[in-house]
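One structure below.
Where a number appears in this text, it was derived from the coordinates with a stated rule and is not lab data. Here the structure is a predicted model, which means the values were calculated and not measured. Glycine gets a Cβ as well: all are built from the backbone with ideal geometry, and neighbour counts include every protein chain shown.
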Amino acid sequence: MTDLKNELVKVLRESDPGKKKELQEKLASETVPTHLKFFEERLAKSGSGYLGWSGFTWGDIYLYIIQDWFPNKDAVLEKFPHVKALKEKVESNPGIANWLKVRPVTEM
């Protein structure tokens, strides 16, 4: 997950418009699909709908945070139904749902 996060941060922090566009294209066509395919398979095998077999973990929250940074995240997640379902499960957690209502709006 950290590899995916690091690639997202590179795009968000890039100041050169040409380089940023190049990084965004690679992110959309290679990086995000490759990583989400891995998580999609993991979620499908877990049986719990979470990354861990025993249920909700910090890993699920971490993946939720990372996917929230994706450009066109809704369109991206349509191709990965288990990752999309995880997003919805995380958002439905009462503590997280409350935080999402009151958190400050930031770029990341």
task = Identify, from the list Pro71, Pro33, the residue that is of a type outside the set (Lys, Arg), surrounded by fewer than 17 Cβ atoms within 10 Å (Cβ to Cβ) and part of a helix (DSSP H, G or I).
result = Pro33
remark   = Residue count, segment 78-108, condition touching a residue at least 12 places away in the same chain (Cβ under 8 Å) and not β-branched (Val, Ile, Thr), comes to 12
Residues satisfying the stated conditions in segment 42-57, i.e. touching a residue at least 40 places away in the same chain (Cβ under 8 Å) and not in a loop (DSSP other than H, G, I, E, B) = Leu43
ask   = Among the residues of segment 86-108, which ones are in a helix (DSSP H, G or I), out of contact with any helix residue (DSSP H, G or I) (no Cβ under 7 Å at 6 or more places or on another chain) and under 11 Å from Asp60 (Cβ atoms)?
value = Lys89
